[in-house]
1. Filter segment 135-151 down to the residues that are in contact with a strand residue (DSSP E or B) (Cβ under 6 Å, 6 or more places away or on another chain), more than 14 Å from LEU109 (Cα to Cα) and either among the acidic types (Asp, Glu) or modelled with pLDDT of 90 or more (or both) and list them by number.
2. Could you tell me whether segment 398-408 includes any residue that is in a strand (DSSP E or B), at pLDDT below 95 and more than 28 Å from ILE307 (Cα to Cα)?
3. Considering each residue of segment 217-241, count those that are open to solvent by 30 Å² or more (accessible area, probe 1.4 Å), hydrophobic (A, V, I, L, M, F, W, C) and at pLDDT 90 or above, and give that number.
4. Those residues that are more than 17 Å from PHE398 (Cα to Cα) and modelled with pLDDT under 95, I need them from segment 334-353; list them, please.
5. Looking at segment 88-117, I want the residues that are of a type in the set (A, V, I, L, M) and have a partner that is part of a loop (DSSP other than H, G, I, E, B) with Cβ atoms under 6 Å, at least 6 apart or on another chain. Which pairs are those?
6. Which residues, taken from segment 288-330, are open to solvent by 40 Å² or more (accessible area, probe 1.4 Å), part of a loop (DSSP other than H, G, I, E, B) and at pLDDT below 85?
7. Can you spot a residue in segment 272-287 that is surrounded by 18 or more Cβ atoms within 10 Å (Cβ to Cβ), within 30 Å of ASN176 (Cα to Cα), modelled with pLDDT of 90 or more and among the charged types (D, E, K, R)?
8. Every residue in segment 125-136 that is surrounded by 16 or more Cβ atoms within 10 Å (Cβ to Cβ) and over 16 Å from ILE182 (Cβ atoms), please.
Amino acid sequence: MESNELNMEIPTKHLPTDEAVVEEIDMFSTLHENILGHILSFIPIIDAVHTSVLSRRWIEVWKFITSLKFDDSLLHYQKKLQKQQFVNFVEKVLFQLTNSSIQSFSLCLTSYQYNASLIASWISFILERRVQKLHIQYADKVFLSSNLLFSCDSLVELVLQMNCTLSLPIFASLPNLQKLSISGIKLVSDSSDCSKDISLNFPILKVFEARGCEWLTTQNISLQVPLLERFSIAIWNRHSNESSEYAIKVYSQRLTDFTYEGDLEQDIILCDSSLIRNASIVIVVDEDKEIRMEKLGFQVCNLLRQINDMERLKLLFYKVLRHARDIFANLPFFGRLTYLELNEVNGEALLQLLNNSPVLDTLVLLNGLADSDKDVFTSAMVPQCFLSSFQVFQFNGFNANEHDLCLIKFILENATMLEKMKISPAFWLRYADIDLEKVKEKILSLEKCSNFCMIEFFDISGS
């Protein structure tokens, strides 16, 4: 009995407990440098570098970081780094890195102007490290080496928001690129042969976004992007009264989302658009380009014909219809369209759109009708969608004038499936001498074809 008690006492007196063993061993510091570097990539870069003061073991660990994010506007100890301090810090990190490849690199420069060659050297250094995700944001001019960029076949995601010139070869390929987003880039050709198309081959690209870029005016650009799903482009920087004779051609069999903003001075050719289901088109034309208005209607219809199998369409015009009233004269047939959002449209054009959209479910009108024939709805045929599918009408920017009231009356009297009508007055009515309560009463007294239609009125603030 006594011996048993003695045997039980020995281990508790001389051997450490499990808890003590855990406390004595630093399991974290025993991890490989590559693993520790990956972990440090999830904290701010300055904090990661400061881990070097923890112990001798940690002096070199931060050099194995795989993701770098530099932002000259961020605070450090409640203070923003001075320009030279920031430059010194970036240089220290870049040129002491141990990894031969970088997973991601982000450079956001919004606080200071830098020497263009310095920024270019940073970008070149990272491209040579087989970076996978590259994000650059900088407003000042920078030279970007197209040779380095298009030879970096490790790139998976490329986001460039910068004022730079990029020289395009006749053929370029980035085999692993999945997302490309560019803004402010001026694209030029490095070839003297203007008869050839420039071909950009991105075999697994899924997202393409370009905004405010200057495109070539002497050569077509062909995007070979068989897996592309979303294409978005905004072109505002044309200054000529003549349309470009050259186009941006998109070759994709999987494109489902299409967005265009601009003045249609450069053609967009979608070489396989049968799968596009969501589209947004915003057209803005400067007042001094009235000479182009005759051609604009043809260009709009040509663009719409390429995407006529879409299900949702946002079609917005600014400074257009006052000069080109016949822009909807040759609209294609939209056999799948269920959602339509418009801003500038007259009664005749709206009827044409409704008649060409037999399965339309929802119409959103962002502004009141432009001037129309006062009898346009009185003599109009009832669109097919009113008899089978039309359920929601949202009227934002209701002007409470004769044209707008005639449209509401036409819809209420003929849309047999209508479930909801939402009416929001235009902002300017706040200062007008119009009794909106009487207008509401007039609308509510109108005959309704649908037995289950609910009419909602919103005040000018939108509530």
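1. Across segment 135-151, the qualifying residue is only PHE150.
2. Looking only at segment 398-408, we keep the residues that are in a strand (DSSP E or B), and these are 398.
Going one step further and asking which of them are at pLDDT below 95, we end up with 398.
After this cut, where a residue has to be more than 28 Å from ILE307 (Cα to Cα) as well, the list is 398.
Yes, that holds for at least one residue.
3. 1
4. Those that are more than 17 Å from PHE398 (Cα to Cα) and modelled with pLDDT under 95: GLU348, ALA349, LEU351, GLN352, LEU353.
5. ILE102/ARG129; ILE102/VAL131; LEU109/ASP72
6. LYS319, ARG322, HIS323, ARG325, ASP326, ALA329, ASN330 - these are the residues of segment 288-330 that are open to solvent by 40 Å² or more (accessible area, probe 1.4 Å), part of a loop (DSSP other than H, G, I, E, B) and at pLDDT below 85.
7. No, segment 272-287 contains no residue that is surrounded by 18 or more Cβ atoms within 10 Å (Cβ to Cβ), within 30 Å of ASN176 (Cα to Cα), modelled with pLDDT of 90 or more and among the charged types (D, E, K, R).
8. Within segment 125-136, PHE125, ILE126, ARG129, VAL131, GLN132 meet the criteria.
The values are calculated or read from the model by the stated rules, or taken from the named source; none is laboratory data. All values derive from a computational prediction rather than experimental measurement. Neighbour counts run over all protein chains shown; Cβ positions are idealised from the backbone, glycine included. Just so you know, the surface numbers come from the protein's heavy atoms only, side chains and all, with ligands and any DNA or RNA stripped out. Shrake-Rupley method; radii C 1.70, N 1.55, O 1.52, S 1.80 Å.
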